[in-house]
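Scroll down for the structure; my scribbles are underneath it.
The values are calculated or read from the model by the stated rules, or taken from the named source; none is laboratory data. Note that this is a predicted model, so its numbers are computed, not measured. Every residue, glycine as well, gets a Cβ built from its backbone with ideal geometry; the counts of neighbours run over all protein chains shown. Accessible surface areas use protein heavy atoms only, side chains included; no ligands, DNA or RNA. Shrake-Rupley method; radii C 1.70, N 1.55, O 1.52, S 1.80 Å.
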Amino acid sequence: MKRYRYLLKKVSWSAFTILFVLILNFFLFRVLPGDPVKAGTHDPRFKKENQEAMRVRFGLDKPVINCFETLNPIKVGDCWINPFETQFFIYIRNLVQGELGISYHTNGPVADILVERLWNTLLLIGAGQILSIIVGILFGLFAAWKARTVIDYSALITGLVTWSLPTFWLGIILLFWGSGHGFPIGGRITPGTSSYPLSYQIADIAKHMVLPTLTYTIVYMGEYLLVMRSSLMDVLSEDYILTAKAKGLSTFQILKDHALKNAMLPIVTIIAINLGFTVAGAIQIEAVFSWPGLGGAVYEALERRDYPVLQGVFLLIAVSVVIANLIADLMYSYLDPRVQTE
Amino acid sequence: MAVQTAELKPSVPSSPLTGFWREFRKNRMGVVGLVMLVLIVIVAIFAPALAPYDPETSEGITSRDIYNPPSTDHWFGTDDAGKDVLSSFIYGSRVSLIVGFFAAFISIVIGGVIGIVAGYYGGRLENILMRFTDTMLVIPDLPLIVVIVALTKPSLLNIIFVIGLLGWTTTARVVRSQTLAVKSRKFVLRARAIGAGTRHIILHHILPLVLPLLVVNAILVISLAILNESTLSFLGLGDPTATSWGQMLNFAFGRGAMSAGAWWALVVPGFGIVWVVLGLTLLGHGLEQILNPRLESHHLMPGRPTVQTEAVDVTGKRSDVPVLLDVRNLSIHYVGDGQVAKAVHNVSFQLHEGELLGLVGESGCGKTTLMMALMRLLPAAGQIASGSIRFGGWDLATLKEDEMAEIRWKGISIIFQGAMNALNPVRTVGDQIAEAINKHMPGLPHGVVNARVLELLDLVGIAAEHKDHYPHQYSGGMRQRAMIAMALSCDPQVVIADEPTTALDVMIQAQILELLDDLRKKLGLAIIFVTHDLGVVAEMCDSVLVMYGGMTAEYASVDSIYNAPRHPYTQELLKAFPDLSKPEKRLTSIPGYPPKLNALPDGCRFAPRCPLAFERCVTEMPRLHELNGGHIVGCHLVEEKS
Amino acid sequence: MSDEFILEVKNLKKYFLAGRPALFSRTEQYVHAVDDVDLQLRRGEVIALVGESGCGKSTLALTLMGLENATEGSIFFEGRDITHLTDRERKSTRQRIQMVFQDPYESLNPTQTIEEIVTEPLVVHGLAGDHGERQAHVVRALEDAGLKPAEEYMHRFPHQLSGGQRQRVVIASALVLEPHLLLADEPVSMLDVSIRAEIINLLADLRESRGISVIFITHDLGTVGYFADRVAVMYLGRIVEIGSMREVLTDPKHPYAQALLSVIPVPNPRLRRKRMILQGETPNPIELPVGCRFHPRCPVAMNICKESDPRLLPISETHRAACLLLAK
């Protein structure tokens, strides 16, 4: 019963956060100076009919809050508003229907662009995260186990140095080195190979993934290494480890049955929180390696001042991170029996 | 459990600040980081003097100057506009550092205020502030920063504000949790009891103790701000008039440095970023090591090898009952930081079958060290410097680790003080008891092990339904019973009970002691009972070993200790211990405090506090003398008389 | 309120909400930390408040100090009702009632010097005008607390002193305001046995020399013997027995007090006593037993104990216990 209430609390809080993000997104693009949505409708790249459609679709012909008394049932201050006629409501309605706007650049729906690119980013982030978690945790484990030895100190320094590297710069350096050693200089596939057999394509994609994934792994393993190391060192200093040793268990048994689970708990939280940051890293890596993912979409949208895409990507990213955090919270509560009784 | 601290030194007082500086100097990582930072700051300040060229002017630059490799004219070559990379680099440091520091300053102030207000005032205000902070924490930083900067003007001031206004979340969390921690400390309660108001408490008590962690966090925030600025510039959102390192990379990358092979234009600016951030990271990590120190060692670090020596036969036989555990001339040292602390010196005793030996002493007497040595559980800095521990035909002092693991729990087991964490909080109690059984009696069917666990729990008075509960669901008394059940799980011959009831209420203590006594009789155990409570010793023990400053003060039957104590420490201790059968007895105390382990006196360790000390006591360590009946006393006075 | 009593407590209750306030809960549960306590203290008198953990003795002290707000009942100090004062109103009272805490290692701010610590109360209350006068007060307080010569200690930091010395600093900082009442909450529990008497003797001396009244809270009955005039035994938020030290320690009448005294170990191996070891643990103070709160564990409980909650019944002029056995 207690666990159920805990879950409910967490889920409702995530829902609230998402709502906050939606509101934030709405106001950012309408309130900040420059008001690009309005400006966008005057953007010359926009076809006339699309401009009109967009104005209606996004309720730009409607006021943010209108004050006409006759048709509007709700009074807010001096204003009568019809909540269903405000831009905000229209915005929410559009979102629910999956309508994210129209790209200035392609003149096609933003949603289409995002869906296409989402998988590429997931592929890259997925591979990178898994590798960095494995490498970071392993190194961190050894560092803590062999504390105060050369292994520990070198792992520590490695972690600190890699953490200090700017993601995009590491990407540039690796790309620079890699392009001189037979690695592709960017993109996801070699151009013109889309009709080749599947096995070739998979190998091709893999080859294109090496450098960006390597960049990702190097940059993010540092944090996992450092967290695992300090977490495990803390755990290994706890009384129950001494009790386990007194019971005659071997070092390996103690690590396996007592230390690891406890040491991993903070890692679970970090993995989730990191998703927010890894997205930031994805933006940088995709920019450098021209990887056609969401990050690349951001980079291109920035260059082209394609605000609808920017807005759509931001929304998608923010919502995904909130959901990922929720999942991590739930996983943590499942792993740590102390949490439910709070 | 009382712990005595530093001896009074009649010298210059060490304030926390000077102490901190001394510690910091020893921390290599922190010092390296600080040096790296100082260097780059100097470069930034003296940029005009250090830069060979002025990156603002384009005088005399032609298209032939673009992407020239390093030469004597241009140590690091030229960039996409033909300008000297080194000079741009030097001036670029100013931009990156300024943005980093000022943005971080904004973040720290916002986060600090939110954190202290939330932490100190609590209640609804805290709830709201922390919910807000958590929400902002979840929303990904960089995308939001990118969006905001993209929508507004990309000026330096703007960038500083945006990074600053979005970077306060970690600070708020750290400051809040530290404020909460400090607020609940007793000296804050005392300040309130005195009548101090909010402002006084925050200023004098909360702030000084929050500041150190705030500094560590500030360093993190600065490094993140610098990374964020460089990323923004690289993505094309930087201030085009202020050439930061990120901006340099943006230009280089976007203007064909790679295809031109101009590695210098790519490596150098990035190197600057890495230098600053790494310096900050090292400094921050070093500071954290000092301000939030983790323990020097953990329990799985390899121990020190025992020094082999010849054991000297000190005592005659006390009885005809077989001896289970025979400890001779055991000395234990702690080695570290160039110092050797002689924690235990030349202690001997014999534990017979069915005997309950009480090990009595106050803080710093070495009783816990002694017990840890018996089971070879000394921390990494501990070492058995001499002596032997004979048990079951082996000398435990010289056994290898894997051999010792066989004997642990099966031959000798230990009941620790039932602190919350003596049992693993994420595993059930039943599981942890079963683990011991499975280790020493492998291959038993699951059902048999389960039955044994239930049998043990029943033996100590824990209902079967608690088998699958977690330690935090047990009360203090129950946890101690569980520890006892676990200690008995492999039918050991000797059980060490290390202050098993010290943290418990009187009534629960009585229950546990009664239980231990019953179990002893029922199972024929030999027990070493470590305590500082002379009442418990009198009620339960057959013989008593009194320790002071790591040495044997007196070792005799319980009757002799209480009715004919010969060592002045024993005598004084008895006078200081309350006796409810004589409630009006005025208690005495022993002036002074126990010796510090790394500053032990040459002579008798009790001499500075002994009411009967004379000259010989100060210069010469007393030998152990044996009186009739196996009564051992470590005091010169005994020798004089006999 | 009469003049002979420096402190009069009537029907004092302090309840805490159990858990966080829920949004949708039908009944709220309370921790009955202090549940109807009466107490009177004369000038210069020492009363020991004894009980196990959870009996409410520390909460009682915090409530008397105004660090917790009383839920019900009244507290009169030197004739004045101090039960529900604001912090500002309470400030002058705070000079007269001071507290000594259990943990000498936590009671002192590690970033302050001893001089700063002992001066702080004077600064907070705006007493003793200039620096020289303040310092004189501080020196006197330190020396009265046994730290002589004071100059040797003034510039030190807490981590440089031993446990006993730190506790003396805490006492000095309480003395500097010249209080009339001292609440000592387990002042020696965390000190080595061999130096406990030092601190207790110090408190006894202060009672003699300055006429300070003391409420001495402890779980260790043995230490109160020669120091306390009266002893009160607490259980689950109530005083279950109160009387002179001799009466309670040598002839307790409440079964709980009897049991407690019978199990406290005595350093005499030849003394074999009959020990009344109570089974189980103290029930949690959220759901109190109906009737006499001790009856579930009481070895001599009668049927009527399950229904009737006894008040303190007289045994002698000074000795009272809350047990229905006495009503017979």
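For chain C, what is the mean residue ellipticity at 222 nm derived from helices alone (per DSSP H run of n ≥ 4: -39500 (n - 2.57); sum divided by total residues; nearest 500 deg cm²/dmol)? Each step should come with its number before you reach the end.
On the way: 9 runs with 95 residues, N = 328.
After summing the helix terms and dividing by residue count, I get -8500 deg cm²/dmol.
How are the C-alpha pair distances of segment B:140-229 spread across 10 Å bins, as whole percents from the shortest bin up?
15, 35, 23, 17, 9, 1
Using a 1.4 Å probe, how large is the accessible area of B:MET372, given in Å² and rounded to the nearest 10?
So the heavy atoms of B:MET372 present about 20 Å² to solvent.
Once the Cα atoms of helix C:87-96 and of chain C are each reduced to a long axis, what angle between those two axes, in degrees from 0 to 90 to the nearest 10, is obtained?
80
Assuming R0 = 60 Å, can you tell me the calculated FRET efficiency for the pair A:GLU303 and B:ASN450, based on Cβ-Cβ distance, to the nearest 0.05?
The value I calculate is 0.35.
For the protein assembly as shown, which whole-number percentage of the solvent-accessible area (1.4 Å probe, protein heavy atoms only) is attributable to carbon and sulfur atoms?
C and S fraction of accessible area: 59 percent.
If you take the alpha carbon radius of gyration of the protein assembly as shown and divide it by 2.2 N^0.38 Å, what ratio comes out, to two decimals? If you can, show how the numbers build up before the last one.
Working: Rg = 36.4 Å, N = 1312, 2.2 N^0.38 = 33.7 Å.
Computed over Cα atoms of the protein assembly as shown, the ratio equals 1.08.
Under Stokes-Einstein, with the Kirkwood radius over Cα pairs standing in for Rh, what whole-number D in µm²/s applies to segment B:363-408 at 25 °C and 0.890 mPa s?
On the way: Rh = 11.2 Å.
Using the Kirkwood radius from Cα pairs, D works out to 219 µm²/s.
How much net charge surrounds B:LEU525 when only other residues with a Cβ under 12 Å from its Cβ are counted (Lys, Arg +1; Asp, Glu -1)?
Here the count lands on -2.
Could you tell me the center-to-center distance, by alpha carbons, between segment C:208-245 and segment A:270-326 in angstrom?
68
Over the protein assembly as shown, give the accessible area per residue in Å² for a 1.4 Å probe, as an integer.
That works out to 42 Å² per residue.
One quarter of the convex hull surface, Cα atoms only: what value does that give for segment B:517-642 in nm²?
Numbers: hull surface 37.0 nm².
Quarter of the Cα hull surface area: 9.2 nm².
Which residue, C:PHE101, C:ALA141, C:GLY79, has the largest displacement toward the positive end of the dipole of segment C:1-159 when charges sit on each Cβ (Lys, Arg +1; Asp, Glu -1)?
So the residue furthest toward the plus end is C:GLY79.
Using a 1.4 Å probe and counting only protein heavy atoms, how much accessible surface gets buried when C and B come together, both sides summed, in Å² to the nearest 100? Mind showing how you got there, number by number?
Working: alone 16530 and 33220 Å², together 43140 Å².
In total, chains C and B hide about 6600 Å² from solvent.
How large are Rg and Dmax for segment A:110-341 when calculated on the C-alpha trace, in angstrom?
20.5, 66
In segment B:40-72, which chymotrypsin sites (Phe, Trp or Tyr not before Pro) fall in coil by DSSP and have 15 or fewer other Cβ atoms within 10 Å?
B:PHE46
So how much accessible surface do A and B hide from each other in total, probe 1.4 Å, in square angstrom to the nearest 100? Kindly include the intermediate steps, with their values, before the conclusion.
On the way: alone 19300 and 33220 Å², together 45430 Å².
When A and B are taken together, about 7100 Å² of accessible area is lost.
To the nearest 10 square angstrom, how much accessible area does C:HIS131 have with a 1.4 angstrom probe?
110
State, to one decimal in nm², a quarter of the convex hull surface area for the C-alpha atoms of segment C:204-280, i.e. the direction-averaged projected area.
Projected over every direction and averaged, the Cα hull of segment C:204-280 covers 6.3 nm².
Divide by every residue of chain B the summed helix terms, -39500 (n - 2.57) for each DSSP H run of at least 4, and state the resulting mean residue ellipticity at 222 nm, rounded to the nearest 500 deg cm²/dmol.
-15000 deg cm²/dmol
Starting from a Cα-only point model with no solvent, please compute log10 I(q)/I(0) by Debye for chain B at q = 0.07, 0.12 1/Å.
-0.68, -1.22
State, to one decimal in nm, how far the label point of C:GLU116 lies from the label point of A:VAL210, with both points 7 Å from Cα in the Cβ direction.
Going from the C:GLU116 label point to the A:VAL210 one covers 6.1 nm.
Quick one: ranking B:ASP402, B:ASP395 by accessible area, 1.4 Å probe, largest first, what do you get?
B:ASP402, B:ASP395
Short version: which residues of segment C:101-131 lose at least 40 Å² of accessible area, all chains versus chain alone, 1.4 Å probe?
The answer is C:PHE101, C:TYR105, C:GLU106, C:SER107, C:ASN109, C:PRO110, C:THR111, C:GLU120, C:VAL124.
Are there DSSP H segments in chain B that both extend 30 Å or more along their axis (alpha-carbon positions) and score a mean Kyte-Doolittle hydropathy of at least 0.5? List them, or say none.
For chain B, where a helix must reach 30 Å along its axis and average at least 0.5, the hits are B:85-121, B:207-234, B:263-291.
Working with all protein chains in place, sort C:GLU287, C:GLU68 by solvent-accessible area computed with a 1.4 Å probe, largest first.
C:GLU287, C:GLU68
When you have a sec, figure out the Kirkwood radius of segment B:81-167 from all distinct Cα pair distances and drop it here in Å to one decimal?
About 15.0 Å, per the Kirkwood formula over Cα pairs.
What does the charge count near C:ALA204 come to, summing +1 for each Lys or Arg and -1 for each Asp or Glu among other residues with Cβ under 15 Å from its Cβ?
0
Relative to the isolated chain, which residues of segment B:566-594 have their accessible area cut by 50 Å² or more in the presence of all protein chains (1.4 Å probe, heavy atoms, no ligands or nucleic acids)?
B:PRO578, B:LEU580, B:PRO583, B:GLU584, B:ARG586, B:LEU587, B:SER589
Could you work out how far helix C:193-210 tilts from the main Cα principal axis of chain C, as a 0 to 90 degree angle to the nearest 10?
So the inclination is approximately 80 degrees.
Given R₀ = 35 Å, FRET efficiency for B:ILE98-B:VAL307 by Cβ-Cβ distance, to 0.05?
Numbers: r = 60 Å, r/R0 = 1.71.
After rounding, the FRET efficiency stands at 0.05.
Using every Cα-Cα pair within segment C:12-162, state what percent have a distance larger than 21 Å.
Looking at segment C:12-162, the distances longer than 21 Å represent 60 percent of pairs.
7 Å from Cα along Cα→Cβ at both A:LYS256 and C:ILE286: what's the point-to-point distance in nm?
4.0
Grab the eigenvalues of the alpha-carbon gyration tensor for chain C, scale each by 5, take roots, and send me the semi-axes largest first in whole angstrom.
Sorted largest first and rounded, they come to 36, 24, 19 Å.
Semi-axes of the equivalent ellipsoid for segment B:336-397, please: Cα gyration tensor eigenvalues, times 5, square-rooted, ordered largest first, whole Å.
Values: eigenvalues 99, 48, 18 Å².
Working through the eigenvalues yields semi-axes of 22, 15, 9 Å.
With each label point set 7 Å from Cα along the Cα-Cβ vector, what nm distance links C:SER74 and B:LYS521?
Each label point is offset 7 Å from its Cα along the Cβ direction, giving 5.6 nm.
I'd like the accessible area for C:MET99, computed on protein heavy atoms only with a 1.4 Å probe and all protein chains in place. Round to 10 Å², please.
In the full protein context, C:MET99 sits at about 10 Å².
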